[in-house]
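Okay, structure first, notes after.
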Amino acid sequence: MIAWIQLPVVAVVLLNFFVLGSSRMRALISVTALQGAILGLMPLLIHHGIGIRLLFVCALTVTLKAGLIPYLLHRAMREVNIRREVEPLLGYVPSMLLGALGTGLASWFAGTLPLLDPHTGLLIVPAAFSTMLTGFIILTTRLKAITQVIGYLILENGIFMFGLLLFEALPALVELGVLLDLFVGVFVMGIILNHIQRTFSSLDTAHLSTLKD
């Protein structure tokens, strides 16, 4: 059973490196959707008792992360006619190297945490920290607003992955609250995308520096 849990966790980490090294917007959105689908199905592997609550959260997570939100991002990409992230603040190779360093540090730090015995052999905790770091790197080093939204989504994926170990302890309202925050966050970013595009005819967030006094 542990091996079956480790496989999707490793897949999530590999997708992190793909995101760090890719400039193609459509591929980034598709990979983020795939990562969301994997995370949405992971509770079925981790928790033995499959109840209505578990199935509902999994279905809602997959619908939002792998369906609705990627659809909105693809639509925004078509409307503003953006295909690639050009000239990021941090290059793609340095981003991957930083991600690899962060993954190694996350593995070391996870080994120092007082985890429960069933969770000790799992890679979920280091993978969660690695995913959060990946989202933070994308969010802070990419200039296109759509790419920054993707970084926000990946950052939330890491938080969601960490919460998988506490699934039975967290109330359902807290879990749905995280998804609601994600959903609202994407809509807020959609409004920002629209205003940036209408004002500057571009989604390069570097243009926002012209707004300062």
Legend entry - Among the candidates G36, G99, residue that is surrounded by 20 or more Cβ atoms within 10 Å (Cβ to Cβ), at negative phi and in contact with a Pro (Cβ under 9 Å, 6 or more places away or on another chain): G36
Inset, instruction - Output the residues belonging to region 63-88 that are closer than 20 Å to G158 by Cα and surrounded by fewer than 18 Cβ atoms within 10 Å (Cβ to Cβ). - result: T63, G67, L68
Inset, instruction - For region 47-62, enumerate the residues that are surrounded by 11 or more Cβ atoms within 10 Å (Cβ to Cβ) and in a helix (DSSP H, G or I). - result: R53, L54, L55, F56, V57, C58, A59, L60, T61, V62
Legend entry - Residue that is without any contact (Cβ under 8 Å) to a residue 60 or more places away in the chain and part of a helix (DSSP H, G or I), where the choices are L41, L89: L41
Legend entry - Odd one out for A27, checked against (1) under 19 Å from the mean Cα position of the chain (by Cα); (2) over 23 Å from L122 (Cα atoms); (3) in contact (Cβ under 8 Å) with a residue 12 or more places away in the chain: (3)
Inset, instruction - Can you tell me which residue among I137, I150, I146 is at pLDDT 90 or above, in a helix (DSSP H, G or I) and buried (at least 20 other Cβ atoms within 10 Å of the Cβ)? - result: I137
Inset, instruction - Please determine, by comparing only the residues of region 1-21 that are surrounded by fewer than 16 Cβ atoms within 10 Å (Cβ to Cβ) and modelled with pLDDT under 90, which one is nearest to Q148 (Cα to Cα). - result: L7
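The values are calculated or read from the model by the stated rules, or taken from the named source; none is laboratory data. Bear in mind the structure is a predicted one, so any value in this text is a computation, not a measurement. Positions of Cβ are generated from backbone atoms using ideal geometry, with glycine treated the same way; all protein chains shown enter the neighbour counts.
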